[in-house]
1. Within the range B:1-26, can you find the residues that are touching a Gly at 6+ places or on another chain (Cβ under 8 Å) and farther than 22 Å from B:T129 by Cα?
2. When you scan the range B:53-86, how many residues do you find that are within 8 Å of another protein chain (Cβ to nearest Cβ), surrounded by 20 or more Cβ atoms within 10 Å (Cβ to Cβ), outside any helix (DSSP H, G or I) and not polar (S, T, N, Q)?
3. Examine the range A:67-74 for a residue that is farther than 30 Å from B:R42 by Cα and either crowded, with 19+ Cβ neighbours inside 10 Å or without any contact (Cβ under 8 Å) to a residue 60 or more places away in the chain (or both), and state whether such a residue exists.
4. Of the numbered conditions (1) within 8 Å of chain B (Cβ to nearest Cβ); (2) surrounded by 21 or more Cβ atoms within 10 Å (Cβ to Cβ); (3) touching a Ser or Thr at 6+ places or on another chain (Cβ under 9 Å); (4) not in a strand (DSSP E or B), A:N27 satisfies every one except a single condition; which is it?
5. Based on what the data block shows, is B:R5 modelled with pLDDT of 95 or more, touching an Asp or Glu at 6+ places or on another chain (Cβ under 6 Å) and at negative phi?
6. Residues in the range B:37-55: is at least one modelled with pLDDT under 95 and either at positive phi or touching a Phe, Trp or Tyr at 6+ places or on another chain (Cβ under 7 Å) (or both)?
7. Only residues that are exposed (fewer than 14 other Cβ atoms within 10 Å of the Cβ) and outside any strand (DSSP E or B): list them for the range B:88-129, please.
8. Hey, among A:A3, A:A32, A:A80, A:A58, which residue is within 22 Å of A:G127 (Cβ to Cβ) and not aromatic (F, W, Y)?
Amino acid sequence: MAATVKYDEVEVGQELPATDYQVRRLNLVMYAGASGDFNQIHWNERFAKTVGLPDVIAHGMFTMAQGGRFLTDWVGDPAAVIDYGVRFSSMVIVPDDDQGATITVSGVVEEKLEDKKVVVGLTAKSGDARVLSKARAVVQLS
Amino acid sequence: MALNRDFVGRTYKSTTSYEVSRVKIKEFAAAIGDNNPIYRDRQAAQAAGHPDVVAPPTFPIVFSLQSGGEALADPELGLNYAMVVHGEQRFEYVRPIYPGDELVTSSTITEIRSAGRNELMTIRSDVTTVAGEPVCTTYNTIVERGGAG
């Protein structure tokens, strides 16, 4: 296990550049199958509307996974993400077209801990909506 | 309908273990759109210092709620599943998850509370190997919209 980011080269306040992740209906169908979460609000527009939603919405866990990708791509080793938590603060609405929705994730190093660990705060937006809040990870650097 | 507070403190253990496979890790990585070879190529994972491919950070969602699901389905809890959305989620790792791991989960309802018109319930799931080695702990908060209305 080896993070490619070195603790000594990271500073509190350092920003991790924003990355866009596309989410189309196909991604939600794949995520439903892989995760076992077949709630119809994630693939059936007709059902989503009957329970008061504007359209099909992404699984919260799909959005959280995009934040996870952002972290693991930054640190270079999935196993370096040793604690990762989020609050789901808004829905990611996924229209039935070729573009789908965009989730934009960015991060900032909030704190340097002992044993070469850092706290990274994430921001995730879809359109104007902040879709994750209190999104934080403890990452083991090298 | 308000959730039954008597459920706080109840623990549900998985009756069968979940065996992690390379195929499932690869499928999950594909579903989250992540092309990282460390999730699908054993040699790439070994070159990075792992014994085998590694599960992505959010992978435990695949199995960690199986035992807690028993509580959610209990009519005495009073949960209207159609109104449930995911509130919060956290994964705290002791070690990475690898193919071949046989994992069991012990899920405890740690809190039920009202927030405005919603009911919130938090389940902590301790994930260990069948031999009892701690692997990770997950925290899952669900929101029942309008449940406290």
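The values are calculated or read from the model by the stated rules, or taken from the named source; none is laboratory data. Keep in mind that this is a model prediction, so the values were computed, not measured. Heads up, the Cβs are rebuilt from the backbone with ideal geometry, glycines too, and the neighbour counts pull from every protein chain shown.
1. B:M1, B:A2, B:L3, B:N4
2. The total comes to 5.
3. The answer is no, given that none of the residues of the range A:67-74 is farther than 30 Å from B:R42 by Cα and either crowded, with 19+ Cβ neighbours inside 10 Å or without any contact (Cβ under 8 Å) to a residue 60 or more places away in the chain (or both).
4. (3)
5. Numbers: modelled with pLDDT of 95 or more: yes; touching an Asp or Glu at 6+ places or on another chain (Cβ under 6 Å): no; at negative phi: yes.
So B:R5 fails the test.
6. yes
7. Across the range B:88-129, the qualifying residues are B:V94, B:G100, B:G116, B:R117.
8. Every option except A:A58 fails the conditions.
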